[in-house]
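Some notes on the structure that comes next.
The values are calculated or read from the model by the stated rules, or taken from the named source; none is laboratory data. Values in this document were obtained by computation on a predicted structure and should not be read as measured data. Positions of Cβ are generated from backbone atoms using ideal geometry, with glycine treated the same way; all protein chains shown enter the neighbour counts. What goes into the accessible areas is simple: the full protein's heavy atoms, side chains included, and nothing from ligands, DNA or RNA. Shrake-Rupley method; radii C 1.70, N 1.55, O 1.52, S 1.80 Å.
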Amino acid sequence: MARLEGKVALVTGAGPNIGSGLAYGLAMHGAKVACNDLSPEAAEKAAERIRADGGEAMALPGDVTNEEEVKAYVRKVEDEWGKIDILVNNAAILGGRGVLVYDYDAYERQVRVITSGNFLNTKYVAHSMIERGIRGSIICTLSTAAWSGTGSVGYCTGKGGIVNFIRSCAVELAQYGIRVNGFTPIATQPDNPEIVEQWNARQAQATGGARQLFTPMGRQPTPTDYVPAVVFLASDESLMISGIDIKIDGAASSKHWRWVGPDIEEPQPISVWGL
């Protein structure tokens, strides 16, 4: 029996890379999956990818920051499949700029999609779970940008805020048996066949063909690398796990800023003042 057999999942931001990969992975482990995205086309493609391999999925377009739209698509899943057992809060706006140059409207929209998107979907899915007596699982996609600074003040602000959002909701919803956890990805190499070729070409053009190492493990993870941890958090195997983060970043978050890599031939002297 599949680990998520009989469960219903809602994945927000089910675009072609991480979101689609998580939705696909949950479906391949037996869940029915509702694929949300602001783009109706992206939502439908995520659902089609699942159906093409024998899974059950629906496209669920909608804006995660619009309360009425969130309530409407949560209700649609309830009407179609009777419940929601799993919520994956994945919707976000990538990129951005630093505090000195970022346009306020763009900053505000980016932070709102991340923070309000998590808030509204968690609120209405949690109500749905409580009404039906479901001891469900809510999983929030974090980022290495939640734990360290990057060039995008909006992205870092939003993802950093979700770290404590997870803790707050985990404590509040524990009385209902609802778990709230997060996982931390890093820059992610696509493995969705629809976009791999396009991604590789764009990366080669941006780097001049040079190999980029984003993690001490020597490669970027793919969405498939995230699926086992997300399935574990979504399944009944994690009934007493709440309020945590699982980092799936090839040890990137553990790397000291002075660490260069294993290719150094001679140990680098470090003065006591540099420690």
Check: Tell me which lysines have Cα within less than 28 Å of Lys7's Cα, excluding those fewer than 8 residues away on the same chain?
Finding: Lys32, Lys45, Lys71, Lys76, Lys83, Lys123, Lys159, Lys247
Next item on the list: Work out from phi, with θ = phi - 60° and the Karplus expression 6.51 cos²θ - 1.76 cosθ + 1.60, the ³J(HN,Hα) of each residue of region 228-235, listed in order in whole Hz, and give x for Gly and Pro.
Entry: x, 5, 5, 4, 4, 5, 7, 8
Notebook entry, point to check: Taking the Cα centre of each part, how many Å lie between region 113-133 and region 134-181?
Noted result: 13 Å
Next item on the list: Output the peptides 102-110, 146-154, 40-48, 24-32 sorted from most to least packed, where packing is the average of other Cβ atoms within 10 Å over each peptide's residues.
Entry: 24-32, 40-48, 146-154, 102-110
Notebook entry, point to check: Helix 67-81: angle to the longest alpha-carbon principal axis of the chain, degrees 0 to 90, nearest 10?
Noted result: 60 degrees
Notebook entry, point to check: Anyone know which of Leu120, Leu60, Leu142 comes out most mobile in the 10 Å Cα GNM of the chain?
Noted result: Leu120
Item checked: Extended-chain gain in nm, criterion 0.36 nm per residue less alpha-carbon gap, Ala174 and Glu56 -> 39.5 nm
Notebook entry, point to check: Between Ala57 and residues 5 or more places away or on another chain, which pairs have amide H atoms under 5 Å apart, with H built 1.01 Å from N, and which residues are they?
Noted result: Val33
Check: When the chain is treated as a GNM, springs tying every alpha-carbon pair under 10 Å, which of Val111, Val171, Val163 comes out with the largest mean-square fluctuation?
Finding: Val171
Margin query: Quick check for you: which residues of region 109-148 have the amide N under 20 Å from the point 7 Å beyond the Cα of Asp236 toward its beta carbon?
Written below: 129-139
Next item on the list: Output the relative contact order of the chain, whole-number percent, from Cα pairs under 8 angstrom with separation of 6+ residues.
Entry: 17 percent
Item checked: Over 29 Å [Cα-Cα, the chain], rounded percent -> 33 percent
Next item on the list: Just subtract the alpha-carbon distance of Ile244 and Asn164 from 0.36 nm times their residue separation and send over the number in nm, one decimal.
Entry: 27.8 nm
Note to self: Taking the 0 to 90 degree range and rounding to the nearest ten, how far is the long axis of helix 196-207 tilted relative to the main principal axis of the chain, both from C-alpha atoms?
What the structure shows: 30 degrees
Notebook entry, point to check: How many Å² of accessible area per residue for the chain, probe 1.4 Å?
Noted result: 51 Å²
Next item on the list: Enumerate the amide H contacts of Ile138 below 5 Å, restricted to partners 5 or more residues apart or on another chain; note that Pro and chain-start residues carry no placed amide H.
Entry: Leu87, Arg179, Val180, Asn181
Check: Between Thr150 and Thr224, what length in nm is gained on full extension when 0.36 nm per residue of separation is reduced by their alpha carbon distance?
Finding: 24.2 nm
Next item on the list: Summarise the accessible area of the chain (1.4 Å probe, protein heavy atoms) by the percent that is carbon and sulfur.
Entry: 54 percent
Margin query: Between helix 104-132 and the chain, what is the angle of the helix's C-alpha long axis to the longest principal axis, kept within 0 to 90° and rounded to the nearest 10?
Written below: 40 degrees
Note to self: Apply the Karplus curve 6.51 cos²θ - 1.76 cosθ + 1.60, θ = phi - 60°, to the phi angles in region 32-46 and return the couplings in whole Hz, x for Gly and Pro.
What the structure shows: 7, 10, 9, 9, 9, 7, 4, 8, x, 5, 5, 4, 5, 5, 4
Next item on the list: Taking only Cα atoms and a 10 Å spring cutoff, compute GNM fluctuations for the chain and point out the largest among Ser39, Ser242, Ser254.
Entry: Ser254
Notebook entry, point to check: Between Ala72 and Trp257, what FRET efficiency follows from the Cβ-Cβ distance if R0 is 35 Å, with the result rounded to 0.05?
Noted result: 0.15
Next item on the list: Kindly provide the helix-only [θ] at 222 nm of the chain, computed as the sum of -39,500 (n - 2.57) over DSSP H runs of four or more divided by all residues, to the nearest 500 deg cm²/dmol?
Entry: -13500 deg cm²/dmol
